[in-house]
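Inspection log for the structure reproduced underneath, given as structure tokens.
FYI, it's all coordinate maths here, none of it is from the lab. Because the structure is predicted, anything quoted here is derived from the model rather than measured. Positions of Cβ are generated from backbone atoms using ideal geometry, with glycine treated the same way; all protein chains shown enter the neighbour counts.
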Amino acid sequence: MIGLGASGLEVYELCLGGNVFGWTADEVTSFNLLDAYIDGGGNFIDTADTYSQWMDGHVGGESEAIIGRWLSRRGRRDTIVLATKVGKLQTAPGLTAANITAAAEASLRRLQTDYIDVYYAHVDDPTVPLEETLAAFDALVAAGKVRLVGASNYDASRLVEALKVARRDGLAPYGVLQTHYNLVHRHEYEDELAGVCVRENIVCVAYSALADGFLTGKYRRGATLPSSERLEDASLYLTPEHEPVLEALDELAAAHQVSVAAAALAWLSARRGVVPLASARTLDQLGDLLEFQRLRLSAEEIDLLDSRTAVLADV
Ligand SMILES: NC(=O)c1ccc[n+]([C@@H]2O[C@H](COP(=O)([O-])OP(=O)(O)OC[C@H]3O[C@@H](n4cnc5c(N)ncnc54)[C@H](OP(=O)(O)O)[C@@H]3O)[C@@H](O)[C@H]2O)c1
């Protein structure tokens, strides 16, 4: 388990992504995935009020509503660390105080709970003063509706600025960062954000940990591509430059008898203060991901993956 800063929250080393719930996984499958993740040792579930507004006929909130029905059936709310986000809902975008306050109430209703463990600003909103955004989050913490606030998709300078404002004004600081980070998208986090996170003891929750499925090894150049809602995004990696990383992952997965996906997650998990965040659409896929628990990469194995990926530009 990993502690989220000074919050007292302890999370499992793999956060389960909820954007699939109500999108590529129907409600029954979503419940099964959530049960299997918990049975596998997990406790950290990620969603957002926007999920899955991109789907025809959806307006956002579908993923939260499924998690809410699962939680109400299951009970034992205190054994789950539940994270959701505000700021990207098409009908209520941005990080004004009024939006944050209203969005939190709507998320709490859909999630059928009276508190959110980790509440993220989904994306920076430079049109609203940080003082206003952070004061709105702070009020939610003071009211016991949120335990820890986090930033998602912030760059290093804005994260530093937000930490300064919180310190100066005595407001709850961002205590966790959610950012795009995986073996084939390293620079966004590693170049500047990582230094801030390590210095400030902020855990990085690394989203799209499997590069939309590319790092599971199921997409290969020259082979028939499997059908997936994510094919277009994953196909961006089907270039000669990205082949060496799959070859290295194949080697490590075979040597340790785990899935390619597990090897990719183990690399992230070995980074200081990083918790990978990945989704699965089926129980078999989730089984592959949970194999990461059996794998502790050696320094040489990490070096191998580092050397194959450090040169890649972020896609
Ligand atoms: N903060 C943000 O802005 C932000 C942005 C994106 C995501 N997120 C969060 O991060 C989570 C994870 O990111 P993501 O879902 O976009 O991408 P991801 O975890 O990189 O990729 C997950 C997808 O890969 C495929 N997959 C997973 N395991 C597999 C296996 N063993 N074999 C074959 N295919 C497998 C599945 O898609 P198919 O089977 O459908 O191909 C699955 O939905 C999201 O659920 C969300 O909670 C946050």
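Key figures
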| item | result |
| --- | --- |
| Positive minus negative residues near GLN53 (Lys, Arg vs Asp, Glu; Cβ under 14 Å) | -1 |
| MRE, 222 nm, helices only [DSSP H, n ≥ 4, -39500 (n - 2.57), over the chain, to nearest 500] | -12000 deg cm²/dmol |
| Sites excluded, trypsin sites (Lys or Arg not before Pro) in DSSP loops with at most 14 other C-beta within 10 Å, longest stretch of the chain | 77-219 |
| Top of GLY40, GLY175, GLY75 by mean-square fluctuation, Gaussian network on the chain, Cα under 10 Å | GLY75 |
| Over segment 2-309, volume per residue of the alpha carbon convex hull, in Å³ | 128 Å³ |
| For segment 1-75 versus segment 152-191, the gap between their alpha-carbon centres in whole angstrom | 23 Å |
| Dipole-positive endmost among LEU193, LEU305, LEU225 within segment 2-309 (Cβ charges, Cα centre) | LEU193 |
| Extended-chain gain in nm, criterion 0.36 nm per residue less alpha-carbon gap, MET55 and THR239 | 63.4 nm |
| Förster radius 22 Å - calculated FRET efficiency between GLU190 and ALA254 (Cβ-Cβ, nearest 0.05) | 0.20 |
| Choice from ALA103, ALA261, ALA278 showing the highest fluctuation, given a GNM over the chain with Cα pairs closer than 10 Å | ALA103 |
| Charge tally in the Cβ shell below 10 Å around TYR237, where Lys, Arg are +1 and Asp, Glu are -1, TYR237 excluded | -3 |
| Counted charge near PRO93, where neighbours are those whose Cβ lies closer than 11 Å (Asp, Glu -1; Lys, Arg +1) | -1 |
| Relative contact order (%) - criterion: Cα under 8 Å, at least six apart; region: segment 2-309 | 17 percent |
| Sorted by Cβ density within 10 Å, fewest first, the residues THR224, THR91 | THR224, THR91 |
| Reachable lysines from LYS145, criterion Cα separation under 27 angstrom, eight or more residues apart if same chain | LYS85, LYS88, LYS164 |
| Listed residues ASP138, ASP155, ASP39, most fluctuating in the chain (Gaussian network, C-alpha, under 10 Å) | ASP39 |
| Estimated FRET transfer efficiency when R0 is 45 angstrom, pair LEU231-ASP114 (beta carbons, to 0.05) | 0.70 |
